[in-house]
Structure formats: C-alpha cells, structure tokens
C-alpha cells in the first residue's frame, strides 16, 4: 500500500506542476536558508571530544586583587600566570594535566632546499596528546625525563613531516625552529578538529598547530608567547626571569579528572593552593576563587558560537515558518479541490486513516524533494559563507548528520504543514461529492 | 439481508431542521433488483447514502447481513462498504488521473487483495463490461457510456453482494442507457442484489420491484404486472429534475 | 460559549488560507523590520571612519633567524630599502597594525602607576618619526616626532619621552582642552604629549574605545617584526608583489608573512559582520519574495474558486474596477491585520534579541517603514491576479462547469 501511496503522490504532484514546483521551491529555500545557518551553528557548537568532554577541565584561578575588572562574565582571567601554571603542571598526580602556550617560530632545515616559513607552535606537557586524543602514527610523546631536562625534542604532524622529509615517518630526524635544532620524537596524524577548544584566545576556528614542544623549553630557551598576554597591575619587568615571575597571565591549563571524587579532591587542592598564595601577598582577596569548566562549559563561557549565528538560526527558523504557512495555504487549496476524488475513494471502502495517510505521504514527498533541493540551496549558501569569511572555511560545510537532517527537517515541517489540510480532507463527508461531479 | 426499521435522517443547520427520511422501513432479500423512484428532494439519495453507509442516520435500526450498522464506527463501515457494497454514480466518478485498470484496482487495494489476484479480477471485470482492450486508457478518452461501464466494472470488482446505483443512466443517451441497464440485469442474474435510484419510468419498469420515496417515506410496490405500475406511475406526482 | 467553537471552526474551514497569509505577513513584518535594523546597525559600524587611507597601506611581518650581529641596524636598513622601492611613499616598523585585530593596549594615567591614579585605556603603537606619514596621518595640533626623540634598539623595556595621541584620547583625558604639552604615564614612565591626531583608530574596531590611541616614538627591532608601508594607491599591488623578492635578496635568513592590505585586514577583522550583513540581506530579499508569491498564489486560487461568482457579478453589471477593488480590499484587510500582529511581534522579537544578545533596541521607525513596504508589496502582488479576475467574461456565469 505504501508504494502505491508514493505512486499516487507522485501523480498528484505531476498533475499540478506549477503549484508543486512552487511548494518544493518554498521548502527548498526555507530549508536551504535554515540549514546554512544551522550547519555553521552545528559545526561551531559541536562537542569536539565527545568521549571525554566531561572529564577535561580548563582551570581558572583568580589571582587578582578584589575589585579588578576582567571582561569575562565572572571576572576571572581566562589564563594563568607562569608560576601558577607550572606549579600545577609539576604537581605529582595520578591524573593527566598540562599547561599550554601558543608559540611562533621560523621553521627551516638549515639548508636552501626548503623555503623557511613561519609556523604557530604549541608548547605543552607530554600528556597533552593523550588528553586531547591526538594520535601518533610514529614514535610518541617525549618522555617525562626529557621534559624535565628541557631536552630539545619535538613532535610534528604527518603533513609537516611530508613537507620536510617527503615521508610520514621522520622520527629521529632533526628540524630547525628559529636558530635551534630539535630532534623529532613522534609524528601525529593530522589533527582534524574544527574548534581549537584547548586555546580559544586567538580565534576558536583559527586552525590547530602542527608542531609541539615541551613546556619546559619556555624557561630554558626563553620562548615567547605569541598568544594573548594580559596584565592587571603595573609591574617592573626588566628580564625574562621577572617576566616569568610576574602576575601577567598567558598560559592555559587543562586537567583530566576522570571521576567526581578526583574532581572534588582537585578542587580542595586548588582552594588550599590559592589560600596559601593569598597569604604570600600576591593579591588581596578574601576567599580563594577558582573555576573548573569542562570542554562544553568552556566553549559556552568563551562564546564560541557567535551571537550573530544564534540570531541567524532563530531568524531562519522563523523564515521556515513563513515558508510553511505558504505551503499550508497552497495545500489547503490543492487538497480541497480533490475532495470529490476522496469521496469516491471513501465510497469504495477507504477509511479515514487510509485517506489521511495518502495525503501525509504526498506532503512527505514534497518535503523530501524540497529537502533534497534545499541541500543544494544550503551548499550555495555555505559557499557564500566561506567566501565571505575565511575563518569559516572548515565550519561552513554540512557533515553527514546535517545532510540527513535537511530532508528530515523538511519532511517533518511539511507533515506539520500538511496535517491540517489532510485532516480536513479525510473528514469530509463523501456523500456530498458523489452526486454530481 | 438488508433491513431498515424506522430510519430517520435529520439534517440540522443552525436554524433549520430538515427531515430527509422519516420512519423509513424496508426489507430487501438477497438477489432482488429494486428500482427507487420519487420526486426530486424526496429522500432517494439520502436513502441510498444511508444504505451505502456513506452517511450516518439519525435514528432507527439498520442491519446489513445481520450486522447492526448503527453500532459501527467509521473504520468498520469503510471496511463493510469495501467488502459488501459496490457503487455506481450518475457522474461515473472515475478518478481522472488513473487509467481504467487502476480505477478498478482502487477498491481491491483497500480490500488488501494481492497483486496477482487483483489482476485476474480486473481483467475479468473489464471483460464483463466489454472494455478489456482499453485497460490503459484514461477515463476522459472514453465516451460516457463506456465510462459508466468502467464504473460498473469497478463496483463489481470487489465481488460485492450489493450494488447501489444512483441514477446510473442519468448522464447517458437512451441507447447507452439501455446497454447499461442490460448490464445491470445480467449482473443481477449472476446473483448480486441491486438497488437503483432512477427518474426514468421505463427503466424503473424493467426492475422486478419498485419502491417510491415521497417526503422521506416509503411507498412500496412489488409488481409483476406492468398494468399496475402504469397505474401507480400515473397517480404519483411526476417531477423531473 | 459552546457556539464560539463551531463559529471558529467555520472560520478556519473557509478562511484557513487567509489565516496562513496573515501569519506569513505577520512573521515577515517582524523579521524584516528587525533584520533591516540589524543591517543598518552593521552598515553604520562598517562605515566607521578609521582616519587611514586604507587602500594605500599594507602591512607584513619579517621573521628573522640565523646569526644576526645587530637586528636593529638590519631592520633599519630594511626600512630604508622599502622606502626606496618605486611607488612607496613611506614605511615604518611598528609594534602593531591598525584595524588588524591584533595589537597592544594599556592604561595611561595622570600619575605613575605605582601611585594608582585615574587611568584611561588606549591602544598604543610604536614607530619612528615616519609612522604618522606612513599611516597617512597628520598632526592636527602640536608637532610630529623629531628624529632624536626616537628610541632605537632591541631593548624590550625601552622608554620614550614623548607621545602623539588621538583627539578622542586627549579629549577624554583632558576634558578642559589643555592636554597638549601635558604628561601622561605609561606604567611609571612619563610621556609628554607633543601632538594630536584628529582621527585614528587602534587595532580593534569593535572596542568601545577604538579611537583611543597613543603613539610612542620607539623603533624597537624584534625577531618577528611588523612593518607598515604606504604606497600610491594604484601602485600598492605592484609593490606588494615585488617586496618579498627585494627583501629576501637583501637578506635570506628571514620569512615574510602576513602580507595584506589594510582594507583587506579590515574586511578580515569584520568578516563576521559582513557575513551577517549578507545573510540578513539574502534572508530579507527571499522572505519578501516568498511572501509575495504566497499572496500572489492565494489570490489566484481564490479567483479560480470564484470564477463563476465573478462572472455572475459581471453579468449583473459590476464594473471591472469593482472586481479589482474587491480583491484589493480583501487583501488589504488580511495584510493590515497581519501587519498589526506583525508589528507587535516585531517589538517582542526586538526586545528578546536585545535582552539575549548585544543588539540595540529596535527603532519603531523600522517597523513602520517595513509595514508600509510589506503593504505595497502585497498590493503589487494582488493587483495582477485581480486584473485577471476582472477580465473574466460575464458569459461564464451561464456555463456550468
């Protein structure tokens, strides 16, 4: 019976081609516009590490004087000072954790074969890779001993390895950053994440780094921060040492707490640490203030999804509603015109459910066609987004879930619009339409 | 097999009540061929609609093959209609988008009959009405008489025990009307019970039993002698639509 | 009470189409007025005057590596090389590029920071005596830097003695208008204000104090050094094309990166606003189109349904204009009710956007303009079908369908 209804629906659409085209176009445009903004929203808000987004926490410590203004909603700095970050980093623990900094370096091979280029680097602890599920294809992270000794070791991704050595496996080779040579200990796969959730300071979608260095090199080689540095009070900084000891905040800190108990313990540890630091006259603050935010909370807090995008998603759903009202009006006309035929079917033994189903399947088919065409419209829309804003290059695309959602939403919307007309037509008294045609 | 006792049908609008049928009583036996006549607006069509379960009735008892129709819900009446009743309309009421084959297939699909069985039955019915060669044609490619024969084929396809015909020849010229009537008589001979509403006294005369509806009530004449029918026809108020 | 439901049902049965049209017009009015308002807000922002000749300026970074005896001398030499490229007006090494979205800001006080006086935040640029000319700026009050005031070197803690500031900054800092010649403090270091520039902006256009800028005469060379170059507008592209080769020929242990025109940098910084603007424009245009088509389709449908009735009216002596008027009136009733509901919805939508997002309160004029606009659109879309209806032959009344 189902295939028969599909056949009937198709014939019905063909019978009034203009109206059908109008309706399919209305849905396609509505869905296209909605999917354009929804796809960007989906990519922006997508959980970047679903397996443990609730176990990874960004640490914030309030090490400012009471009354210091910050631009965050709870007045706490997004980053940590070097001394706090390194203290937390060096603490003995069963769980993983890492401090993190964005660096910048001229990468070259100390010969004329490869043109030197400037690249962002990520300066982290050896547990970073495991924490953020960045897999190795050759070698592995540097060892804890290498990290403690600030050994000149480096992890690069597959693409960088190909670029420098023409092959994916370059473990053991040397590579130059600025004027120093580093030994490659591991090659990771190319990191395919849209949102740079581990460091949202310089654009959430600005692309991940492909070169990784041990965090201890900051001090050993006086590495500069190329991310954000913020201060809240005046300090005399006349040397790298005084820079490291200053109250400037410029490092991210992440911790992986696998369960509630570990989290509780860590919270009391942070509390105690801040209480002790407060006594050292670093800052004037009555009660220690810290925050642990998991990945999704962190993205929300950092407003990863732009307000504009939320407004657009809302407006496009309203737009879809307009398209539906339009379709509903057209369907009413189309279905009611068909009442005599329905009368005949009723006389021949169709029950209301069958008539209703027949019409719902017809509107579903409209939805399917509109949804399919809507994907095309959305692709055009997303292309427009990509050409307008380079940063959205990876974001303005439809993944499988969005490709499936498009016809899904279209069909659902059409069924919603078709319910009333279908109900109206299935409850008409057949007798009225049978006498004359 | 069809029994109506004190059936009433009242149409209620906001201000007016119209009694389309009142205390309508009728017993129909298996295999009968009944012609229903009566002036315009007398309630003939209402009677036929109630008999075909296309409309609910207001009060009274109506049973078909021993089933109390008053107690059935919409789905049950739809099924019963599908199983037991075939309709033939004045306007043919073929579905314009479907070809002849598919038109006849409609009730069979609702009956849930398998494709192969449907094919057999449709071909058989088309054969019976003499249109087997035109199965793939659309209704508008046919003459009125041919269309009505398709409608009859469609009514027969479900092997109904009742055939309800509402002015089946109303839109046809006399030659075609006669052909349709002959077809109905043949169907009746094959065992189906037929109730036919008509304006045409000549056609009515050909039916073994005539009933007349006047002001929503029944005047039943079971006549086997033409003389009596003529007398009644003369006495009844003749109203042409 | 029990009668309301059947009446409502009857209304729905016969007027559901009209109701849908009304809903469409209401939502359209609500969306279009709000979107138009946001669009205008963004256009105003995007047209903000920066004070720079954006089409003449470009910037880039030089990252130096390898053995360098004196970075400062080398980059000063590079600066000279750039100035000698044909078409180049001027060049300056800087700490940050205006309107690029990346730079430095600090508070500037009336007293040394250690005394915790009143402070005003401003973005700051550093450069030599060429920086104003390179940015296409001129001193509106006071004077430019002198060569001997420029601190040259690689010392991160180099301190200047003087500063040139924007008018916005000096007006805020010294409301009495006596700012020129006064001293402000950058941390604990005093800076004498020697010049004022009427109009310039810092790196962040979205900053609510974007116009607060302080320029200090420091030419500090860095391993990753930013440069600003101003060229004749029609030669900028040519200069940008050849500059890599010229600079690499001069010294090969360097990487030249982030080369882009100031207009491009600005568009890049504002990319999300431009995107929002375009999306909203597309949304409005398509929305109005869909609604207009809806009205058009609905009228056509109504006319088809009433062909016979219209024919009868014509047969009874109705003029063509009467038929057109009939449909216009009918449509106007629906449109005006839709617009009224839509206007109320627009206010609510505007309010909820304002409370939930950083969007200013909706101006009522936008609703009024949109309402008039929607009415005009709806009348235009009804007039053609109505004229078609008026042309229905009276004879149709006598024909049965």
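A crude spin-label estimate for the pair residue C:319 and residue C:77, with each label 7 Å from Cα along the Cβ direction, gives 9.3 nm. Peptide A:311-322 is shielded by partner chain Cβ atoms: per residue, an average of 6 of them sit within 10 Å of its Cβ.
Between residue A:281 and residue A:148, the modelled label-to-label distance comes to 3.4 nm, taking each label 7 Å out from Cα in the direction of the beta carbon. If R0 equals 56 Å, the separation of the Cβ atoms of residue A:220 and residue A:353 corresponds to a calculated FRET efficiency of about 0.15.
Computed over segment C:272-401, relative contact order equals 49 percent, with contacts defined as Cα pairs under 8 Å that lie 6+ residues apart. For the peptide C:282-295, the mean number of other protein chain Cβ atoms found within 10 angstrom of a residue's Cβ is 5. Sorting A:157, A:294 by the number of Cβ atoms found within 10 Å of their own Cβ, with the fewest placed first, yields A:294, A:157.
The DSSP beta bridges internal to segment C:124-269 are antiparallel in roughly 45% of cases.
Here the calculated FRET efficiency for residue C:115 and residue A:416, from their Cβ-Cβ distance with R0 = 45 Å, stands at 0.10, rounded to the nearest 0.05. Short-range pairs are left out: with C-alpha atoms under 8 Å and at least six residues apart, the relative contact order of segment A:42-129 is 19 percent.
Take each residue in A:294-307, count the other chain C-beta atoms within 10 Å of its C-beta, and the mean is 1. Taking every alpha-carbon pair under 8 Å whose residues sit at least 6 apart, chain A reaches a relative contact order of 28 percent. Modelled spin-label separation between residue C:348 and residue A:383, with each label point placed 7 Å from Cα along the Cα-to-Cβ direction: 3.9 nm.
The DSSP beta bridges internal to the protein assembly as shown are antiparallel in roughly 70% of cases. Could you calculate the FRET efficiency of residue A:15 with residue A:229 from 1/(1 + (r/R0)^6), where r is the beta carbon distance between them and R0 is 60 Å, rounded to 0.05? Given R0 = 60 Å and the Cβ-Cβ separation, E is 0.30.
Values in this text are rule-based calculations from the coordinates and carry no lab data. Only a predicted model underlies this, so the values are computations on that prediction, with no experimental measurement involved. Quick reminder, even Gly has a Cβ in these numbers, built from the backbone with ideal geometry, and neighbours come from all protein chains shown.
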